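Undergrad: Quick one: the structure is below, questions incoming.
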Amino acid sequence: MTWLLAIAAGVLFAAGIYMILRRSLVKILVGLALLSYAVNLLLFNSAPLIPARPPLIPLGSSAPPEVYADPVPQALILTAIVISFGVTAFAVVLMRQVYGTLGTDDLNEMRCTDIPCKEVEIASEEEQMEEPL
Amino acid sequence: MLTSQLTWLVLTLAGGVLFAAFAPLLRRRAERLAAPLLALLPLAVFVQLLAALPAVQMGETAQARFDWVPALGLSLTFTLDGLGLAMGLLIAGIGALVILYGGAYLHGHPSLGRFYAVVLLFMTAMLGIALSGNALLLFVFWELTSITSFLLIGFEHERPGARAAAWQALLVTGGGGLALMAGFALLAVITGSFEMNVWAARAAEIAVHPLAPAAFLLILGGAATKSAQFPFHFWLPNAMEAPTPVSAYLHSATMVKAGVFLLARLFPVLGGLPLWTPALTTLGLLTLVGASLLALAQTDLKRLLAYTTVSALGMLVFLLGLGTPLALKTAALFLVTHALYKGALFLSAGSVDHGTGTRDIARLGGIGRAMPFTAAAAGLAALSMAGLPPLLGFIAKELVYETTLEAAAPLLLTGLTLVANAATVVVAVWVGWRPFWGRPGDDHLHPHEGTPGLWGPPLLLALLGLALGLFPALTGDGLIAPMTAAIVGQSVKVKLALWHGLTPMLGLSALTLLLGVGLAALRRVVQPRIAAFWRALAPLGPANLYHRFVHGLLSLASWQTAVLQNGYLRVYALVIVLTTAALAGLTIVLKDVTLTLSPWQPPRFYDFILVGVILTAAFLVTRSRSRVATIALLGSIGFSIAVIFLLYSAPDLAMVQFAIETLTVILFVLVLYKLPKFSRLSSTPTRIADVFFALTGGLLMTLIMLLVSRHASDASAAAYYAANSLSQANGRNIVNVILVDFRGLDTLGEITVLAIAAIGVFSLIRLGGKPGRKQRAVPKGGRTK
């Protein structure tokens, strides 16, 4: 299963990267979701996969049985799932507002909202100084 | 006794900083009282320093030390000796006068409160330099003076010229500050300490160390930029954009002397280097002669004074470079003399500007009758500057000639000094005589004397120059001797007198005056020629090099910004993906040559089904052009992963994944019809290239995962949590215990992130632009402004 999960995560990474590289905002959002699935699988696969041995302490005993799944990656993934939901929710709403305001979801057309598109004049103040030697 | 006085002084200064913060408030509440009240701080420091003077005259020094960051060798070491005390008296005394004068000069200015605050902050920093015994501490104060100087030059920040001059001063002195820091670090490497008295004690060891010349040159770089030595002198005349009280205080009397002060302070440490004398005398002479000739081309009162300040700083560096006891004594006297007459002249120039509205010497003339007190102050100070008896300037000039006549190449040095001194006399006449008593200039000036705040401080400074000159023995024993003793490192005798008999120095003085006054009378003939000469030379000057350098730097910055920050998200993502792939791939190839992957274990049949679903959905998602299908496909991936979690012992993850997946689908469905339809925007070659990049990235991640899972993971963390989950946290579900107990703060952070995201979502929906009001990102027919 380690092999299969590694392949699945790899394919999810590939699909996510591909979608991230698109020009449409919606597709980038899908790419984000795919990447977070991939990362979760990567974390999950970093400890040995043990079927049907959850890290629980049975009643009446003070420690889990001899063999149990590593709880540390699980704790990490639990956090990651929740955070990625927050990111996705924010991104979805942000995208909706951007589309509503700008009327496009082509990132190339939004370029001038990010950087100054006209030539920036530099050193104009320098010339206003007297020229001493 | 002296140590406790020093401690009190430091405490006064620390309180002063807090006091300064309230200056704007005080000014708003009590416009009239603000200046006298705020001047109490420098006055208190001045009185404290005076009280410490007798002990210092007896040869005592004090040190007060508080640890700050002991691990870095950074301690708040304050030293009080003759040099620091004299500097401190100048800083505090002139500081009090400048605060009073500034209140009158900037009366009614909306930012007067800011002026008070920054000047007081500067004064504290400058006193810090004078009193620091630790090089790192001195460096902190040093940089603080650069920053306050920047703020004060750019005081009238609405004017582009003031902003540009402020930047220039900051860049030049800040660059020098970096060199200074490096020099200090090298000395600390040699000696293992940042304490300057440790350096002085081990001077012999430093002198022979191979790193010493580098340390010396770096420190000299710092001192030369701060004290405006050639070729860094150009920032100082431009700094005249500052209000005149600032020019008087920072850019003639105190801050620009910091470089000279530092060289004097380190004379016991570095004075023994063979490089010291040639480097300093060359630098000083170049600055001295060059700047005094540059001054002759100026017609603006403040710029005339600025260039003669540069030349005076050159004189000080030259004298320190000679390094004989006589030269050091002369340097100490000249430093005090210059601060007094130049401060007075600057303040008078400000009063003239205030009373007439111009600083152009071609337009000024005959205003002395209307402005008698200013004329008296400027006249007295100019007499000192020109070096006439019985003023302090006369004694200083006699000593300068005595020094050069005793030096190694008396003819050359005396000749050059004579040229510079004659030019100084010319400027003294132009600044202190011509505007007031010369031929009447412009008729439309309507000169009038200002309030006592405008003529009192310069008159006081000028009278002080007279008083100290009238009692030369007192000045020599009381002030100059302790200063020189602190520079040399042992007590010295200083006998000053007005009359030495008919000496060669007296003849040289007379010659200087004759030359100077003669040249000054020929202003209309002399000045245009000198100005034309310098104009012809300007393209080769360091100021032009500086402009080219700054322009080139800005061009480079905007070029590389245009390349890297091009505004295409796609390119950013691509750079990140490819960089990661290249770095990770390279590491694998270089470090893990064997490439043993984890062993293949036959999977169970439902593993095939789940992974099959994920693979198919991931592939279809990239091809999908339907919004509903995309959401369904994403959901199926999420739910398959949840089942995998469930099968492989992670029931908590499965539950959360199911819940979140459901929420995500609901969220998507809610905004689905507000979203744009999928459109194919990229060209086919781009898409093919992207497929290649994506597959590279995916392959690399698979490889990494297989390489990682080959190693048995470190289970010690898991074992710790398993052993302590029940006993310490009373929980049987170890994953939950980790989240809410062992790593509870991390979860708090996570909740905070979610809360911020929620606030962001809410405000985007409620406060953001109304969706539906469509607006093109790029309006037709033009680019956005």
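The values are calculated or read from the model by the stated rules, or taken from the named source; none is laboratory data. In this text the structure is predicted, and so the values were computed from the model without any measurement. Don't worry about glycine lacking a Cβ; one is built from the backbone with ideal geometry, like all the others, and counts go over all protein chains shown. The accessibility values were calculated without ligands, DNA or RNA, using every heavy atom of the protein model including side chains. Shrake-Rupley method; radii C 1.70, N 1.55, O 1.52, S 1.80 Å.
Undergrad: Please go through the stretch B:604-647 and give me each residue that is buried (at least 20 other Cβ atoms within 10 Å of the Cβ) and of a type in the set (D, E, K, R), ordered by number.
TA: B:Asp607
Undergrad: Just one of B:Arg732, B:Arg743 is in contact with a strand residue (DSSP E or B) (Cβ under 8 Å, 6 or more places away or on another chain) and outside the structural domain of B:Ser649 (by TED's automatic domain parsing); which is it?
TA: Working: B:Arg743 fails: in contact with a strand residue (DSSP E or B) (Cβ under 8 Å, 6 or more places away or on another chain).
It is B:Arg732.
Undergrad: Can you find even one residue in the stretch A:39-56 that is within 23 Å of B:Leu667 (Cβ to Cβ), within 19 Å of the chain's Cα centre (by Cα) and either open to solvent by less than 30 Å² (accessible area, probe 1.4 Å) or within 7 Å of chain B (Cβ to nearest Cβ) (or both)?
TA: Yes: one or more hits.
Undergrad: For the stretch B:137-160, does any single residue satisfy the condition of being in a helix (DSSP H, G or I), open to solvent by 10 Å² or more (accessible area, probe 1.4 Å) and touching an Asp or Glu at 6+ places or on another chain (Cβ under 7 Å)?
TA: Here is the first cut: in the stretch B:137-160, the ones in a helix (DSSP H, G or I) are B:137-153, B:160.
Now drop any that are not open to solvent by 10 Å² or more (accessible area, probe 1.4 Å), which leaves B:139-141, B:143-144, B:147, B:150-151, B:160.
Narrowing further to those that are touching an Asp or Glu at 6+ places or on another chain (Cβ under 7 Å): B:160.
Looking through the stretch B:137-160, at least one residue is in a helix (DSSP H, G or I), open to solvent by 10 Å² or more (accessible area, probe 1.4 Å) and touching an Asp or Glu at 6+ places or on another chain (Cβ under 7 Å).
Undergrad: Within the set of pairs 6+ apart or on separate chains, which have a first residue in the stretch A:50-67 that is on the phi > 0 side of the Ramachandran plot, a second that is in a loop (DSSP other than H, G, I, E, B) and surrounded by 12 or more Cβ atoms within 10 Å (Cβ to Cβ), and C-beta atoms under 8 Å apart?
TA: A:Ala52/B:Ser649
Undergrad: Do you know which residues across the stretch A:72-101 are farther than 17 Å from B:Ala659 by Cβ and of a type in the set (S, T, N, Q)?
TA: A:Gln97, A:Thr101
Undergrad: Just to be sure I understand, how many residues within the stretch B:107-136 are crowded, with 21+ Cβ neighbours inside 10 Å and not in a helix (DSSP H, G or I)?
TA: 3
Undergrad: Scan B:Gly415, B:Gly368 and give me the residue that is assigned to a loop (DSSP other than H, G, I, E, B) and under 26 Å from B:Leu515 (Cβ atoms).
TA: Every option except B:Gly368 fails the conditions.
Undergrad: Okay, next question. Considering only the stretch B:700-710, how many residues are under 52 Å from the mean Cα position of the chain (by Cα) and surrounded by fewer than 17 Cβ atoms within 10 Å (Cβ to Cβ)?
TA: Final tally of qualifying residues: 2.
Undergrad: Mind listing whichever residues of the stretch B:722-740 are within 7 Å of chain A (Cβ to nearest Cβ) and either among the β-branched types (Val, Ile, Thr) or open to solvent by 10 Å² or more (accessible area, probe 1.4 Å) (or both)?
TA: Here is the first cut: in the stretch B:722-740, the ones within 7 Å of chain A (Cβ to nearest Cβ) are B:722-723, B:725-727, B:732-735, B:738-739.
B:Ala723, B:Leu726, B:Ser727, B:Arg732, B:Asn733, B:Ile734, B:Val735, B:Ile738, B:Leu739 - these are the residues of the stretch B:722-740 that are within 7 Å of chain A (Cβ to nearest Cβ) and either among the β-branched types (Val, Ile, Thr) or open to solvent by 10 Å² or more (accessible area, probe 1.4 Å) (or both).
Undergrad: Report yes if B:Ala629 is at pLDDT 85 or above, touching a Gly at 6+ places or on another chain (Cβ under 9 Å) and under 30 Å from A:Glu109 (Cβ atoms), otherwise no. Don't jump to the end; show me each part of the working.
TA: Working: at pLDDT 85 or above: yes; touching a Gly at 6+ places or on another chain (Cβ under 9 Å): no; under 30 Å from A:Glu109 (Cβ atoms): yes.
Spelling it out, it is not the case that B:Ala629 is at pLDDT 85 or above, touching a Gly at 6+ places or on another chain (Cβ under 9 Å) and under 30 Å from A:Glu109 (Cβ atoms).
Undergrad: I need the full set of residues from the stretch A:66-109 which are more than 22 Å from B:Gly635 (Cα to Cα), open to solvent by less than 40 Å² (accessible area, probe 1.4 Å) and more than 7 Å from every other protein chain (Cβ to nearest Cβ), in order please. If you could, list the steps in order and put the result at the bottom.
TA: Filtering the stretch A:66-109 down to residues more than 22 Å from B:Gly635 (Cα to Cα) leaves A:66-73, A:75, A:97-109.
With open to solvent by less than 40 Å² (accessible area, probe 1.4 Å) added as a condition, the list becomes A:69-71, A:73, A:75, A:97-98, A:100-107.
Once the filter is applied, which keeps residues that are more than 22 Å from B:Gly635 (Cα to Cα), open to solvent by less than 40 Å² (accessible area, probe 1.4 Å) and more than 7 Å from every other protein chain (Cβ to nearest Cβ), the stretch A:66-109 yields A:Pro73, A:Val98.
Undergrad: Residues of the stretch B:416-427 being open to solvent by less than 30 Å² (accessible area, probe 1.4 Å) and more than 11 Å from B:Leu511 (Cβ to Cβ), which ones?
TA: Answer for the stretch B:416-427, where residues must be open to solvent by less than 30 Å² (accessible area, probe 1.4 Å) and more than 11 Å from B:Leu511 (Cβ to Cβ): B:Thr417, B:Ala420, B:Ala423, B:Thr424, B:Val426, B:Val427.
Undergrad: Show the residue pairs that are 6+ apart or on different chains and have beta-carbon atoms under 7 Å apart, the first residue being within the stretch B:675-697 and within 7 Å of chain A (Cβ to nearest Cβ) and in a loop (DSSP other than H, G, I, E, B), the second being of a type outside the set (Phe, Trp, Tyr) and loosely packed, with under 12 Cβ neighbours inside 10 Å.
TA: Short answer, once both residue conditions are applied: B:Phe678/B:Arg625.
Undergrad: Still on this model: Please state which one of B:Ala339, B:Ala312, B:Ala297 is among the small types (Gly, Ala, Ser), touching a residue at least 12 places away in the same chain (Cβ under 8 Å), under 22 Å from B:Trp235 (Cβ atoms) and open to solvent by 10 Å² or more (accessible area, probe 1.4 Å).
TA: Working: B:Ala339 fails: open to solvent by 10 Å² or more (accessible area, probe 1.4 Å); B:Ala312 fails: open to solvent by 10 Å² or more (accessible area, probe 1.4 Å).
Only one candidate qualifies: B:Ala297.
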